[in-house]
Amino acid sequence: QVQLVQTGGGLVQTGGSLRLSCVASGRPSAMAWFRQVPGQEDKSVIGVTWYDGSINYAASVKGRFTLSRDNSKNTIYLQMNSLKPEDTAVYYCAARSWFGSSAWTAPGDYNAWGQGTQVTVSS
């Protein structure tokens, strides 16, 4: 079972930047970032990094958010720039331990989750 530990997050002003990190205990086939906006029940995907190094992004954050992965450290990163108040959310990393699936946008596509970290963007 893959275990994930997140670091980073906090309070930042509009237009600022933050970087989140997520370390996995194993070698997941896919590692992703999700966020859950206050008042919403569902988590929404930000993007996914695959074991081969490829990356997919959700259209809503493309251009401001950058995912990266360091397989030597079993770590993924989420660099967030030009932050807006509507980016305020709890951010989660997620991982999938099995190979062979290309699905990536739903929480159910993953079987391990980080503890979540609050990101608050003040106006």
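Under 8 Å by Cβ, and 6 or more places apart or on different chains, what pairs join a residue from the range 84-98 that is over 26 Å from Q13 (Cα atoms) and open to solvent by less than 40 Å² (accessible area, probe 1.4 Å) with one that is among the polar types (S, T, N, Q) and not in a strand (DSSP E or B)?
A95/N111; R96/S29; R96/N111
Does the range 69-83 hold any residues that are open to solvent by less than 10 Å² (accessible area, probe 1.4 Å) and part of a loop (DSSP other than H, G, I, E, B), and which are they?
Once the filter is applied, which keeps residues that are open to solvent by less than 10 Å² (accessible area, probe 1.4 Å) and part of a loop (DSSP other than H, G, I, E, B), the range 69-83 yields only L83.
If you take the residues of the range 20-68 that are open to solvent by less than 80 Å² (accessible area, probe 1.4 Å), closer than 19 Å to Q118 by Cα and in a loop (DSSP other than H, G, I, E, B), which of them is modelled with the lowest pLDDT?
My answer is V61.
Pairs, please: C-beta under 6 Å, at least 6 apart or cross-chain, first residue over 18 Å from T66 (Cβ atoms) and in the range 32-54, second of a type in the set (A, V, I, L, M)?
Q36/A89; Q36/V90; V37/A89
Suppose we filter the range 89-117 for residues that are assigned to a strand (DSSP E or B) and over 12 Å from the mean Cα position of the chain (by Cα); how many remain?
So the answer is 2.
Test Y57 against the criterion of being more than 11 Å from the chain's Cα centre (by Cα) and among the hydroxyl-bearing types (S, T, Y), and give yes or no.
Working: more than 11 Å from the chain's Cα centre (by Cα): no; among the hydroxyl-bearing types (S, T, Y): yes.
Considered against the rule, which asks whether it is more than 11 Å from the chain's Cα centre (by Cα) and among the hydroxyl-bearing types (S, T, Y), Y57 comes out as no.
Can you tell me which residue among G114, G108 is of a type outside the set (A, V, I, L, M, F, W, C) and surrounded by 20 or more Cβ atoms within 10 Å (Cβ to Cβ)?
Of G114, G108, the one residue that is of a type outside the set (A, V, I, L, M, F, W, C) and surrounded by 20 or more Cβ atoms within 10 Å (Cβ to Cβ) is G114.
Give all pairs with beta carbons closer than 7 Å in which a residue from the range 56-82 that is on the phi > 0 side of the Ramachandran plot meets a residue that is open to solvent by 60 Å² or more (accessible area, probe 1.4 Å) and in a loop (DSSP other than H, G, I, E, B); count only pairs at least 6 apart in sequence or on separate chains.
N74/R27
The values are calculated or read from the model by the stated rules, or taken from the named source; none is laboratory data. Here the structure is a predicted model, which is why all the values come from computation and not from measurement. Cβ atoms come from the backbone with ideal geometry, glycine included; neighbour counts cover every protein chain shown. The protein model used for the area step is the full one, side chains on, heavy atoms only, and it has no ligands, DNA or RNA in it. Shrake-Rupley method; radii C 1.70, N 1.55, O 1.52, S 1.80 Å.
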